[in-house]
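Student: Okay, handing you the structure first.
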Amino acid sequence: MTTPVCTSASTAAVFPTFSSYVRARGPVLLRTARSMSPNPNDAEDLLQTALTKTYVAWDRIEDHRALDGYVRRALINTRTSQWRKRKVEEFVVDEMPEPDPLPAPDPAELQGLRDAMWRAVMRLPARQRAMVVLRYYEDLSEAQTAEVMEVSIGTVKSAVSRALAKLREDPELAMLSA
């Protein structure tokens, strides 16, 4: 006599035939298969393959109370095999299909954008400006900014959020992005 693998296995039903097992546990196993595949049809195929493997091994499975685990392992192994075998199609072409290069941005326009951004930052209240500069120009974390400013992290988060909202509404920056 075999001992159950887990305590819930001792109360599980023993299925006399494969078809009674599939009728009883099919919907649960299908949900498991659907969690492994985004396409419902592929999930059904995956479950069918796993159940086929289980049917072939039905007489060799000693503890029929652990069938769900066996089928789940078959699902995982089948899905892994499918993933490894997926075919990547390659096509031979005369020329490489390279995208057209994007035109380089005009350095004068970039400098104008930087200047407008800096002017907008300078219009922020002093405390918000300091936090924005520390967070985004000096690249400090919220915790580091809070330590430098001697405030809580929540204060940094809220002040920076309000500052970014003001920058989004800045008329000069809105004109440049339009």
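The values are calculated or read from the model by the stated rules, or taken from the named source; none is laboratory data. All values reported here derive from a predicted model rather than from experimental measurement. With ideal geometry, Cβ positions are generated from the backbone for all residues, glycine too; neighbour counts draw on all protein chains shown. When the accessible area is computed, the model is the full protein with side chains, heavy atoms only, and any ligands, DNA or RNA have been set aside. Shrake-Rupley method; radii C 1.70, N 1.55, O 1.52, S 1.80 Å.
Student: Between F91 and V28, what is the spin-label point distance in nm, taking each point 7 Å from the Cα along the Cα→C-beta axis?
Tutor: 4.7
Student: Stokes-Einstein D for the chain at 4 °C, 1.567 mPa s, Kirkwood Rh over Cα pairs, in µm²/s?
Tutor: Answer from the Stokes-Einstein relation: 56 µm²/s.
Student: Moving to a separate point now. Order W58, W83 by their accessible area, 1.4 angstrom probe, all chains in place, largest first.
Tutor: W83, W58
Student: Which shape class applies to the range 55-128: rounded if a/c is under 1.5, otherwise prolate when a/b exceeds b/c and oblate if not, where a ≥ b ≥ c are the square roots of the Cα gyration tensor eigenvalues?
Tutor: oblate
Student: Additional query: How much of the accessible area of the range 32-122, in percent, comes from carbon and sulfur atoms when a 1.4 Å probe is used?
Tutor: Of the solvent-accessible surface of the range 32-122, carbon and sulfur hold 54 percent.
Student: Related question: Under the rule of -39500 (n - 2.57) per DSSP H run of 4 or more residues, summed and divided by the residues of the chain, what mean residue ellipticity at 222 nm is obtained, to the nearest 500 deg cm²/dmol?
Tutor: Helix contribution divided over all residues of the chain: -20000 deg cm²/dmol.
Student: Moving to a separate point now. Based on DSSP loop calls and a cut-off of at most 13 other Cβ atoms within 10 Å, the longest stretch of the chain free of exposed GluC sites (Glu not before Pro) is what?
Tutor: 1-61
Student: Also: Once you have the Kirkwood Rh of the range 9-112 from its Cα pairs, apply Stokes-Einstein at 10 °C and 1.306 mPa s and quote D in µm²/s.
Tutor: For the chosen part, D equals 91 µm²/s.
Student: Ok, one more. In the full protein assembly as shown, how much of D63 is accessible to a 1.4 Å probe, in Å² to the nearest 10?
Tutor: Answer for D63: close to 30 Å² accessible.
Student: Quick one: putting +1 on the C-beta of Lys and Arg, -1 on the C-beta of Asp and Glu, what dipole do you get for the range 25-161 around its Cα centre, in Debye to the nearest 20?
Tutor: 940
Student: While we're looking at this one, here's another question. State in Å² the accessible area per residue of the chain; use a 1.4 Å probe, count heavy atoms of protein chains only, and round to the nearest integer.
Tutor: 74
Student: Averaging sequence separations of C-alpha pairs under 8 Å and six or more residues apart, then dividing by the length of the range 97-178, give the relative contact order as a whole percent.
Tutor: Relative contact order comes out at 31 percent.
Student: Name the lysines eligible as straight-distance cross-link partners of K157: C-alpha to C-alpha under 17 Å, and not fewer than 8 places from it in the same chain.
Tutor: Hits, sequence-local ones excluded: K166.
Student: Kindly express, to the nearest 10 degrees and within the range 0 to 90, the angle between helix 18-36's C-alpha long axis and the longest C-alpha principal axis of the chain.
Tutor: Between the helix axis and the principal axis of the chain, the angle is about 10 degrees.
Student: If contacts are Cα pairs under 8 angstrom and at least 6 residues apart, what is the relative contact order of the chain in percent?
Tutor: RCO, the chain: 16 percent.
Student: On a 0 to 90° scale, report how tilted helix 67-85 is relative to the longest principal axis of the chain, with both axes built from alpha carbons and the result rounded to the nearest 10.
Tutor: 60
Student: Please give the contour-minus-distance gain from E150 to S35: 0.36 nm per residue of separation, less the Cα-Cα distance, rounded to one decimal in nm.
Tutor: The E150-S35 span can extend by a further 36.6 nm.
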